[in-house]
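Accompanying notes for the structure given below.
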Amino acid sequence: MEPTIVWSLIAGMALTNIIVRATPVAVMSRFELPEALRRWLSYVPVSVMSAMVALEVFKPSDQWRVTLANPYLLAAIPTALVYRFTRSFLGATIAGIGAFLAFRYLLG
């Protein structure tokens, strides 16, 4: 396939992606949503992120690993605790990476 075609496809997909994502935001930004709906929508990002993280923690390599031999599961505990008490995403990320590396090293 010619490079011109490949780059045209990439540009077309990028433009389509931007249009599909930006249009609802642009339209909805013109409306004042009811408080109950805004509150309900505020939980969507947290729910999506929780679902993604839970799959990576409990099923890291397409196999359920809900055991104490799972470094992902063990590292999630101190990560959650650091975030709970500091509310620092950066601190929790650093703690999680450190805990994961330590548990992976200890569990072999």
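Coordinate-derived values only; no laboratory data. From a predicted model like this one, the values you see are computed outputs, not experimental measurements. Every residue, glycine among them, receives a Cβ derived from its backbone with ideal geometry; neighbour counts consider all protein chains shown.
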| query | If you go through segment 26-57 one residue at a time, how many are in contact (Cβ under 8 Å) with a residue 12 or more places away in the chain and β-branched (Val, Ile, Thr)? | reply | 2
| query | Tell me, which helices (runs of 4 or more DSSP H) lie completely within segment 3-108 with 3 or more residues that are surrounded by fewer than 10 Cβ atoms within 10 Å (Cβ to Cβ) and within 16 Å of the chain's Cα centre (by Cα)? | reply | 44-58
